[in-house]
1. Please name all residue pairs, on different chains or six or more residues apart, with Cβ atoms under 9 Å, provided the first residue is in the range 28-39 and is without any contact (Cβ under 8 Å) to a residue 40 or more places away in the chain and the second residue is open to solvent by 100 Å² or more (accessible area, probe 1.4 Å).
2. Within the range 48-90, how many residues are among the polar types (S, T, N, Q), over 21 Å from Lys38 (Cβ atoms) and surrounded by 14 or more Cβ atoms within 10 Å (Cβ to Cβ)?
3. Can you tell which of Lys35, Lys88, Lys93, Lys62 is among the basic types (Lys, Arg) and in contact with a helix residue (DSSP H, G or I) (Cβ under 9 Å, 6 or more places away or on another chain)?
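The values are calculated or read from the model by the stated rules, or taken from the named source; none is laboratory data. Everything numeric here is computed off the predicted structure, so don't read it as measured data. Methodologically, a virtual Cβ is constructed for each residue, glycine included, from the backbone with ideal geometry; neighbour enumeration extends over all protein chains shown. Just so you know, the surface numbers come from the protein's heavy atoms only, side chains and all, with ligands and any DNA or RNA stripped out. Shrake-Rupley method; radii C 1.70, N 1.55, O 1.52, S 1.80 Å.
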Amino acid sequence: IHRAFAQDSSKMLSIPEPVAPEPYNRTQYCQWPCKCPKTPPTCPPGVSLIMDGCDCCRACAKQVGEVCNEKANCDHHRGLYCDYSADKPRYEKGVCA
């Protein structure tokens with residue numbers, strides 16, 4: 001097997017040089033130290049007051065169809081989650097579903 005491989009080395013496929021991906025700066029939604037308002041927001045009736053995704057401040061949970069991200073969480077008490085599928089390949093901004 002070694003001889004056959006060595007004799008046929010001229011027919012080997014060339015491996016392309018690796019290409020560096022475009023530089024991408026991910027959006028920083030969270031900032032530390034946390035800067036929260038002195039009083040938590042007043043949410044509309046039926047909307048949960050939750051900790052934001054940065055685990056810093058209390059915030060009104062996003063509802064169905066609202067834009068969400070790593071800081072602006074969907075209302076998990078209603079079984080909602082942030083669907084990032086439309087934001088390929090970055091997966092930074094989503095919609096609550």
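1. Cys34/Asp55; Cys36/Arg58; Pro37/Arg58
2. 3
3. Lys93
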